[in-house]
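Novice: Encoded as structure tokens, here's the structure I'll be asking about.
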Amino acid sequence: MAAPDEFAVIDTAALDRWIRAFAAAVAENEQELTRLDSAIGDADHGANMNRGLKAVVAKLDEAAPAGPGALLKQTGMTLVSTVGGASGPLYGTFFLRMATAIGDADTVDQKLFAAALRAGVEGVVARGKAEAGDKTMYDALAPAVDALDAALGGEDTTGALRAAADAAAQGRDATTPMQARKGRASYLGERSVGHQDPGATSATLLLQAAADTLG
Ligand code: ADP
Ligand code: MG
């Protein structure tokens, strides 16, 4: 384990890499996300997310945002305006709340990143009212922020983010036996059991992209 003081400084360029890596992962997994949503939803989660993140990347290509908060705010606003369905406002709110938590800081250390991530997840809850076990993206996001907080100070940034991504993946896998209580999948009642949640799957890609790019 690296010394706890080996914290990466997360700047605008690093967040740009994170968002682009998330976009690339969603593009690569678009069919899979859609397949999952076809089982318990309306088969559009892959297309929704891919469309939104392509627009996000196009905006980043146009002009580099002035700072970390500005980059995340632009990302959130673009997702809200380009992604229909439940996931657009939820992911949009996630990034907007992260942006607010970071404010106009020039760089983000591990502690601020963890706090911003938690604020983002709280935004998802404020918007969607999901609780643990409802079979949503929250079931991947919540264990990830808990794992990140638990790793704070004891791990280097890459190790802490890897722990968060692993926790997200476990949370994603745990959605399979759950019965959905939020979103379209909840209309299926017991028939939603036995299928992995699409939003928890894309949320895991988000955390894995963070571990790959922000350490
Ligand atoms: P829609 O359900 O409107 O077609 P998407 O298919 O893009 O939207 O996204 C579906 C995902 O959104 C679900 O797999 C779930 O993870 C997430 N979701 C739906 N409703 C909620 C909610 N109230 N809170 C948190 N996440 C939710
Ligand atoms: Mg859908």
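Novice: Looking at the range 119-134, I want the residues that are part of a helix (DSSP H, G or I) and have a partner that is near ligand 1 (Cβ under 8 Å from one of its atoms) and among the small types (Gly, Ala, Ser) with Cβ atoms under 8 Å, at least 6 apart or on another chain. Which pairs are those?
Specialist: Final answer for the pair search is Val124/Ala130; Gly128/Ala86; Gly128/Gly183.
Novice: Out of the range 30-88, which residues are part of a helix (DSSP H, G or I), more than 10 Å from ligand 2 (Cβ to nearest atom) and β-branched (Val, Ile, Thr)?
Specialist: Passing the criteria: Val56, Val57, Thr75, Thr78, Val80, Thr82.
Novice: Quick test of your reading of the structure: Ile102 fulfils all but one of (1) within 22 Å of Asp37 (Cβ to Cβ); (2) crowded, with 20+ Cβ neighbours inside 10 Å; (3) aliphatic (A, V, I, L, M); (4) without any contact (Cβ under 8 Å) to a residue 60 or more places away in the chain. Name the failing condition by number.
Specialist: The failed condition is (1).
Novice: For Arg17, all conditions in the list (1) within 13 Å of ligand 2 (Cβ to nearest atom); (2) surrounded by fewer than 19 Cβ atoms within 10 Å (Cβ to Cβ); (3) in contact (Cβ under 8 Å) with a residue 60 or more places away in the chain hold save one; what is the number of the exception?
Specialist: It is condition (1) that Arg17 fails.
Novice: While we're here: Looking for something modelled with pLDDT of 95 or more, surrounded by fewer than 24 Cβ atoms within 10 Å (Cβ to Cβ) and within 13 Å of the chain's Cα centre (by Cα) - is there at least one such residue anywhere in the range 172-193?
Specialist: Looking for residues that are modelled with pLDDT of 95 or more, surrounded by fewer than 24 Cβ atoms within 10 Å (Cβ to Cβ) and within 13 Å of the chain's Cα centre (by Cα), one finds none in the range 172-193, hence no.
Novice: Do the conditions hold for Ala66, that is, is it without any contact (Cβ under 8 Å) to a residue 60 or more places away in the chain and either of a type in the set (Lys, Arg) or surrounded by fewer than 22 Cβ atoms within 10 Å (Cβ to Cβ) (or both)? Before the answer, list the steps.
Specialist: Numbers: without any contact (Cβ under 8 Å) to a residue 60 or more places away in the chain: yes; either of a type in the set (Lys, Arg) or surrounded by fewer than 22 Cβ atoms within 10 Å (Cβ to Cβ) (or both): yes.
Considered against the rule, which asks whether it is without any contact (Cβ under 8 Å) to a residue 60 or more places away in the chain and either of a type in the set (Lys, Arg) or surrounded by fewer than 22 Cβ atoms within 10 Å (Cβ to Cβ) (or both), Ala66 comes out as yes.
Novice: Restricted to the range 172-202, and to residues that are more than 21 Å from Ala47 (Cα to Cα), among the hydrophobic types (A, V, I, L, M, F, W, C) and assigned to a helix (DSSP H, G or I), which residue is farthest from ligand 2 (Cβ to nearest atom)?
Specialist: The qualifying residue farthest from ligand 2 (Cβ to nearest atom) is Ala174.
Novice: Across the range 9-31, what is the number of residues that are within 15 Å of ligand 1 (Cβ to nearest atom) and over 17 Å from the mean Cα position of the chain (by Cα)?
Specialist: Adding up the residues that qualify gives 1.
The values are calculated or read from the model by the stated rules, or taken from the named source; none is laboratory data. Being a predicted model, the structure only gives us computed values, none of them experimental. Note that each Cβ is placed from the backbone with ideal geometry, even for glycine, and that neighbours are counted across all protein chains shown.
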